Amino acid sequence: MSLSGTLLRSIKGKPYSGKSELSDRDGLSVRISDAGTITWQYRFRFPSSPARLTLGRYPDVKLAEARK
């Protein structure tokens, strides 16, 4: 499932009890806290072990920026 701005706006800042991580594509995902804080993360392997890079928080980093 691809993420959308509408979905992110509906979650931001509100109590959240769904899945704590939602995937977009190409290793991009968001982590969502119980309080509705949304953090962008990029998942990759380096060289063979899994790693994550935090890109920033939504809405400071928009969906289009995170995908770039």
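Expressed as a rounded percentage, what relative contact order does the chain have, with Cα pairs under 8 Å and six or more residues apart?
Numbers: 102 pairs, mean separation 16.4, N = 68.
Over the chain, the number comes to 24 percent.
I want to verify the translational diffusion coefficient of region 5-67 in µm²/s; compute it with Stokes-Einstein, Rh as the Kirkwood radius over Cα pairs, at 20 °C and 1.002 mPa s. Write down the numbers at each step before the final one.
Numbers: Rh = 12.1 Å.
My calculation gives 178 µm²/s for D.
Just so you know, all these numbers are worked out from the coordinates, no wet-lab data involved. Everything quoted here is computed from the prediction, not taken from an experiment.
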